[in-house]
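Read the structure below first, then the notes.
The values are calculated or read from the model by the stated rules, or taken from the named source; none is laboratory data. Just so you know, these numbers come straight off a predicted model, no measurement behind them. Here the Cβ positions follow ideal geometry from the backbone for every residue, glycine too, while neighbour counts run over all protein chains shown.
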Amino acid sequence: MYLPHLVSSAYFDGLGSIVMGNHRVDRVGMEIKREVNEILRLKVRDPRVQDVTITDVQMLGDLSAAKVYYTIMSDLASDNQKAQMGLEKATGTIKRELGKNLQMYKIPDLTFEKDESIQYGNKIDELLRQLDQKD
């Protein structure tokens, strides 16, 4: 299954070279992912986020901001909107809990974005299965 934003943190520098990402940034992102999943499960009581799972966290290089990708069990647009609103409302609680649990000078600003890559990957898998059945 292809997950575009889950690809390694390597990037092209524009001069034809591949530059490896900062391992500290990757480690902090993984730790935030783990912590936010725990916080949602144990601390946030909003029913709109009970079925939310954090799938990835992309950090800025200076650790000042993090884009948090999530998925939800339901495919209904209304449930997705409710989950987004619930996450936005819980951002303060999540940041406060991250501050308690992580040893960081400043907790990054969090933005939440629905992870579409899983649905995209599932569609690709389904198309490949259909092609195999035709052969």
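Among the residues of the stretch 70-112, those identified as farther than 12 Å from V52 by Cβ, outside any helix (DSSP H, G or I) and in contact with a strand residue (DSSP E or B) (Cβ under 8 Å, 6 or more places away or on another chain) are P108, D109, L110, T111. Figure legend. Inter-residue proximity from the stretch 97-122: first residues modelled with pLDDT of 85 or more, second residues of a type in the set (D, E), beta-carbon distance below 7 Å, spacing 6+ or different chains. Indicated pairs: L98/E35; N101/E35; L102/E31; L102/E35; F112/E88; D115/D56. Evaluated against (1) part of a loop (DSSP other than H, G, I, E, B); (2) among the hydrophobic types (A, V, I, L, M, F, W, C); (3) over 13 Å from I32 (Cα atoms), L128 falls short on exactly one condition, (1). If you filter the stretch 87-135 down to residues that are aromatic (F, W, Y) and closer than 21 Å to Y70 by Cα, you find that the one that is surrounded by the fewest Cβ atoms within 10 Å (Cβ to Cβ) is Y120.
The residue of the stretch 41-69 that is modelled with the highest pLDDT, among those that are aliphatic (A, V, I, L, M) and in a loop (DSSP other than H, G, I, E, B), is V44.
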